[in-house]
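Here the structure is laid out as structure tokens; the discussion comes afterwards.
The values are calculated or read from the model by the stated rules, or taken from the named source; none is laboratory data. None of these values were measured; they are calculated from a predicted model. Cβ placement follows ideal geometry from the backbone for every residue including glycine, while neighbour counts extend to all protein chains displayed. Surface areas here come from the heavy atoms of the whole protein model, side chains and all, with no ligands, DNA or RNA. Shrake-Rupley method; radii C 1.70, N 1.55, O 1.52, S 1.80 Å.
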Amino acid sequence: MALLLGVLLQAAPASADDLKNGQWYANFLRLAAAHKVSTGLGVTVALIDSGVDSTHPDLKGGILAGADFSAGGQVSIGDGRTDASGHGTQMAGLIVGSGKVAGVAPASKIVPINSSFTSIGGTSSTVAEGIRWAVEHGVQVISISSAGPDDPLLRQAIEVALASDIVVIAGAGNVAQDAAVGYPAAYPGVIAACGVDRLGKHSSVSVTGAEVVLCAPSDGISSTFPGGKYALGSGTSESTAIIAGAVALVRAKFPELSGQEVVHRLTATADDKGVIGRDEVYGFGVINVVDALTENIPTNSPSAGPTVKATATAPSGALIGGLKPWHVALGGLLCLLVLVAVAGTAGVLVLRRRR
């Protein structure tokens, strides 16, 4: 419980060119088209991180009063609207940025919760306190761009959040720090976020694992930074914040949907990558924000689980539900032979009885 949760970030100051180039995710996600349908209005996102510098001009009006558990206790010592490390401010820009930084859900609101025991991360207990506080204050989305070990307090807090119909997104982890998908991303029900590059391919910085659910841009992402500045970062931190923004868009557009149904809509419309179906590299695929907002997706029952968007064609020798096409054909032939054999046996038995 005392181990630090690693912040999933590789950051550097952004020059004017870096700032412009680092906004590539906006075109990649077709945010202009998405914002014609939803901007996240009416949705609150709890950002459990290092706090947020609410004075940044790109974040004006987007940051509500939150909480501060950075002292390590169960009592908040502030409202979360300051940021010693800059990490939380970067994540906030990707969600509600409105200016030089394009937020995925610019009309949503951030509730900043400082869980950082130091300037580089928090403990499982401070993150758990932040989650509990967020649940008590009625947020609809929780974004956690950090990863660490399993912890009973953290697990319990996540279970309470999910049971409260909150969609929780957490970073899967970065290969420089993590060998596998960390927690809370690895807990059932959490959207474990992995990263892709500008080409939509798996990011070299992102870990892989069976727990991965969705991918989003992660490489060379520019965003807001304390003091009115901007920074460039790479990692599943960025993927997490971007997916949290996408969730806010969907929750605003479809307020009647449960948290599970929101996740289903995102997984069902994701652009499948790698082998057909869910895999350890891309999960259900890369988020497609426009499709998530506009496609006619049947409501998913809680027991059905997420589904994968069908692809028009499959490459030669591709897996179909884990089987190659010739496996499927051979299985069908064998089934036919078995049916013929059973029918023949039944006929012999009838003849014998008649005799």
Discussion item. For Asn288, only one of the following conditions fails: (1) more than 13 Å from the chain's Cα centre (by Cα); (2) more than 22 Å from His56 (Cα to Cα). What is its number?
Written reply: (1)
Worksheet item: Just for the range 225-239: of the residues that are assigned to a strand (DSSP E or B) and open to solvent by less than 10 Å² (accessible area, probe 1.4 Å), which one is nearest to Asp58 (Cα to Cα)?
Response: Ala231
Practice prompt. Please work out if Ile242 is buried (at least 20 other Cβ atoms within 10 Å of the Cβ), under 17 Å from Val43 (Cα atoms), β-branched (Val, Ile, Thr) and modelled with pLDDT of 95 or more.
Written response: yes
Worksheet item: What is the number of the single condition among (1) in a loop (DSSP other than H, G, I, E, B); (2) touching a strand residue (DSSP E or B) at 6+ places or on another chain (Cβ under 9 Å); (3) aliphatic (A, V, I, L, M) that Val75 does not meet?
Response: (2)
Practice prompt. Return a yes/no flag: does the range 217-224 have any residue that is modelled with pLDDT under 95, over 12 Å from the mean Cα position of the chain (by Cα) and farther than 23 Å from Gly148 by Cα.
Written response: no
Practice prompt. Looking at (1) closer than 26 Å to Ala185 by Cα; (2) at pLDDT below 95; (3) surrounded by fewer than 18 Cβ atoms within 10 Å (Cβ to Cβ), find the lone condition where Ala16 falls short.
Written response: (1)
Item to complete: Check Leu47 against each of (1) part of a strand (DSSP E or B); (2) in contact with a His (Cβ under 9 Å, 6 or more places away or on another chain) and name the one condition it does not meet.
Response: (2)
Worksheet entry | Matching residues, the range 19-53, being surrounded by fewer than 18 Cβ atoms within 10 Å (Cβ to Cβ), more than 29 Å from Gln177 (Cα to Cα) and not small (Gly, Ala, Ser) | Asn27, Arg30, Lys36, Val37, Leu41
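Counting only residues that are assigned to a loop (DSSP other than H, G, I, E, B) and among the β-branched types (Val, Ile, Thr), which one in the range 190-214 is most open to solvent (accessible area, probe 1.4 Å)? Explain how you work it out, then say what you get.
Residues of the range 190-214 that are assigned to a loop (DSSP other than H, G, I, E, B), as a first pass: 190, 197-201, 203-205, 207-213.
Subset that is among the β-branched types (Val, Ile, Thr): 190, 205, 207-208, 212-213.
Working: Val190: 8, Val205: 17, Val207: 5, Thr208: 59, Val212: 0, Val213: 15 Å².
Restricting to residues being assigned to a loop (DSSP other than H, G, I, E, B) and among the β-branched types (Val, Ile, Thr), the top hit is Thr208.
Considering the range 84-95 alone, what residues qualify as being under 18 Å from the mean Cα position of the chain (by Cα) and closer than 17 Å to Leu19 by Cβ? Lay out the reasoning, then the answer.
In the first step, residues of the range 84-95 are kept if they are under 18 Å from the mean Cα position of the chain (by Cα); the result is 87-88, 90-95.
Passing the criteria: Gln90, Met91, Ala92, Gly93, Leu94.
Does Thr44 meet the test of being touching a Ser or Thr at 6+ places or on another chain (Cβ under 9 Å) and within 21 Å of Ile242 (Cβ to Cβ)? Don't jump to the end; show me each part of the working.
Values: touching a Ser or Thr at 6+ places or on another chain (Cβ under 9 Å): yes; within 21 Å of Ile242 (Cβ to Cβ): yes.
Answer is yes for this residue.
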